[in-house]
1. Mind ranking 99-110, 126-137 by how tightly packed they are, going by the mean number of other C-beta atoms within 10 angstrom, highest first?
2. By how many nm would the segment from VAL245 to GLU228 grow when fully extended, if each residue of separation counts as 0.36 nm and the alpha-carbon distance is taken off?
3. Considering only ALA242, PHE207, LEU223, whose Cα is most displaced toward the positive end of the charge dipole of the stretch 197-249, charges sitting on Cβ of Lys, Arg (+1) and Asp, Glu (-1)?
4. In whole Å and largest first, what semi-axes does the C-alpha gyration tensor of the chain yield when each eigenvalue is scaled by 5 and square-rooted?
5. Can you work out the base-10 log of I(q)/I(0) for the stretch 34-100 at q = 0.19 1/Å, using the Debye formula on its C-alpha atoms alone?
6. Please sort 161-167, 91-97 by packing, taking for each peptide the average over its residues of neighbouring beta carbons within 10 angstrom, highest first.
7. Dipole size in debye (nearest 20) for the stretch 66-118 around its Cα centre, Lys and Arg Cβ +1, Asp and Glu Cβ -1?
8. Could you work out how far apart the two model spin labels at PHE62 and LEU87 are, taking each label as a point 7 Å from the Cα in the direction of the beta carbon, and quote it in nm?
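What follows is calculated from the coordinates using simple rules that are stated; it is not laboratory data. Only a predicted model underlies this, so the values are computations on that prediction, with no experimental measurement involved. Note that we place each Cβ from the backbone using ideal geometry, even for glycine, and neighbour counts take in every protein chain shown.
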Amino acid sequence: MTLYRAEGIVLANRDLGEADRIVVLLCREQGKIEAVAKGARRPRNRLVGLTLPFNHLRLALFSGRGLDEVSQVEGIRSFQRLRDDLLLLAYGSYLAELAGEFLPEREPCPEAFELLLESLRALEEGKDPEGVTGFFALNLLAMAGFRPALTHCLACGRRPAPGEESFFHPAAGGIYCLTCPRPSGAFSLAGALRRAMEEALAGARDFLVPLTPKDRRSFHLLLRAFLEVRLEKELRSLRFLAELVGPDERK
Ligand SMILES: [Zn+2]
């Protein structure tokens, strides 16, 4: 057994046996890992609180033949507010679910760790949750190798003019211009929205601000389709979010 140190964020946990929990962590240096937290369901054990999702932790872990085991843990930031408010919980769970689904195990990606930490902070500080989660989703997709192809038509290679409408095809992962046949399952993509998505991928966190409610709505629909076609399943956190705000209320 070797002992190593890690800085991680709890993405999820699940019960193990009578008293233990398995925690899924996104670590700055090690990437996504799973580890056993012994006694994390015993009343008054401090691991009960520290193994809840969104906790930012400093840890010491043992690695051996089976799952790694948490040896020591110290909280850096709990993000308690995200668990106390149902709507923030839904948005935070969306971030955690995306990170859990799209990042491979034990492949270091410090950029993804920083992106998650920064996004949790922004949610807790009251930034627009639609902008925070949209920025996170687009950039996480890019880090996971699924960057949407927004600059050139996938069929003819033409670059649409600024402001020109195009089609976005979730399964193909990019755009088609209006002079090419519209593929089935494609979404209309306004020029302003295409530009906003490119800006988000270039680092603009406030990319939703200039958009109309209609373009924001269309962003959510095509992003959801893009995510779910890649995962080949529905995202639980998005269903939870839709139950809270209503599928047609997001703008
Ligand atoms: Zn074309």
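1. Working: 99-110: 15.2, 126-137: 19.8.
With the highest mean Cβ count within 10 Å placed first, the list reads 126-137, 99-110.
2. Answer, rounded to one decimal: 4.2 nm.
3. Highest projection toward the positive end goes to ALA242.
4. Working: eigenvalues 277, 70, 45 Å².
They are 37, 19, 15 Å, listed largest first.
5. Once normalised to I(0) and log-transformed, intensities are -0.84.
6. Details: 161-167: 15.0, 91-97: 23.3.
So the peptides 161-167, 91-97, ranked by packing, come out 91-97, 161-167.
7. Working: 4 positive and 12 negative charges, 47 e Å.
Charge dipole of the stretch 66-118: 220 debye, to the nearest 20.
8. Here the answer is 4.6 nm between the modelled labels.
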